[in-house]
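To start, the structure itself, in structure tokens.
The values are calculated or read from the model by the stated rules, or taken from the named source; none is laboratory data. As the structure is a computational prediction, the values presented were derived from the model and not from experiment. Every residue, glycine among them, receives a Cβ derived from its backbone with ideal geometry; neighbour counts consider all protein chains shown.
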Amino acid sequence: MVKKTLAVCMLSVLVFSCKKEASKVSEPRIPNDSIAKTEIKKDLFKPIDTVYSPENSTEDYMKALHYYQSKTEKEISAGSPEQNNKVYEDYVEVRSKYTEGLSRLHTDILDKYVNYYDSGSDSYKFPENIKKLAAQFKKEGLEFREVGEGYTEIWSVPDHYFTLFKNKVTPDYNAYIAQMAIEAKNNYAADAGLIISWEELGERLIFWENFMKKYPASQLLKTVKKDYNNYLHDYLYGMDNTPTYETADGKLYDENRNEYKRIIKKYPNSYTAKRAQEFLNLFDAQLPVDQIREKMNVENDY
């Protein structure tokens, strides 16, 4: 009788264990609700089109900018430097279009922006709506930038692209993006006049000249050549409100003559120094300005 009872108990334990294991296997896995919702939310989010529409709000643009920055960060973390060059080009294009859309959306604010300057305190006094907008822009790496003649634009902050792509692209792109961040810190020109110093402009010319020598096969070469020629044009002739010579008598200003001598002495073997020397020689020969321009053959392409 004891043996029978023991056998029945053992059988019961065995059956209960099997049922318990079966229950474990068939029990469905319950995902973490917050994670699942986040993944679904990300999958469902679609940024607004880059083509401007008055239906888009500031918040739409902020979300789109944030989305593409996050997407770009993921892509460059997994991509090769060569692949990331293309990611950079695409990101600049998309971001530029969204920035243009924001500018069109806030035309009224941009038109009135300079009017908030208070000369008495030498500072701006903005209403709350502009303060709020500026704070939103800052989160996505944007800022208001006065560009002269009463105009204000929306720009990416100077180091936005370099912070994102630093050492993630090929050396030529890395050097290019780094230099663009430096040059974007201050306005180049405004009100038809140069803002940076002649010396700084000369140093920019040397940088881009050396860039072209160092990276002759760079995909950026066409863009860099264009920028270099524009800089050289301004370096030699100046701009409407900051010319390098007196229009009436065709005499070079001492400030510019001294700058050309500086660049020639500091970088005697550079192409920039060679063109500066040619320019000096032509003025010293007292040729008419129109003939000097013809012989120099330096055109801008803005």
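The table for this structure:
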read-out	value
Criterion violated by Asn300 - all others in (1) polar (S, T, N, Q); (2) in contact with an Asp or Glu (Cβ under 9 Å, 6 or more places away or on another chain); (3) under 30 Å from Asn84 (Cβ atoms) satisfied	(3)
Hits in region 217-245 (condition: among the charged types (D, E, K, R) and under 21 Å from Glu149 (Cβ atoms))	Asp234, Asp240
Selection within region 277-302 - within 21 Å of Leu201 (Cα to Cα) and either basic (Lys, Arg) or in contact (Cβ under 8 Å) with a residue 60 or more places away in the chain (or both)	Arg293, Met296, Val298, Glu299, Asn300, Asp301, Tyr302
Out of Asn258, Asn241, sole residue that is of a type outside the set (Phe, Trp, Tyr) and without any contact (Cβ under 8 Å) to a residue 40 or more places away in the chain	Asn258
Sole exception among (1) of a type in the set (Ser, Thr, Tyr); (2) more than 30 Å from Phe162 (Cα to Cα); (3) buried (at least 18 other Cβ atoms within 10 Å of the Cβ) for Tyr253, by number	(3)
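Every residue, every condition in (1) modelled with pLDDT of 95 or more; (2) buried (at least 16 other Cβ atoms within 10 Å of the Cβ); (3) outside any strand (DSSP E or B), yes or no:
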{"residue": "Lys131", "(1), (2), (3)": "yes, no, yes"}
{"residue": "Arg145", "(1), (2), (3)": "yes, yes, no"}
{"residue": "Thr152", "(1), (2), (3)": "yes, yes, no"}
{"residue": "Tyr161", "(1), (2), (3)": "yes, yes, yes"}
{"residue": "Lys168", "(1), (2), (3)": "yes, yes, yes"}
{"residue": "Asp172", "(1), (2), (3)": "yes, yes, yes"}
{"residue": "Tyr176", "(1), (2), (3)": "yes, yes, yes"}
{"residue": "Ala181", "(1), (2), (3)": "yes, yes, yes"}
{"residue": "Lys185", "(1), (2), (3)": "yes, no, yes"}
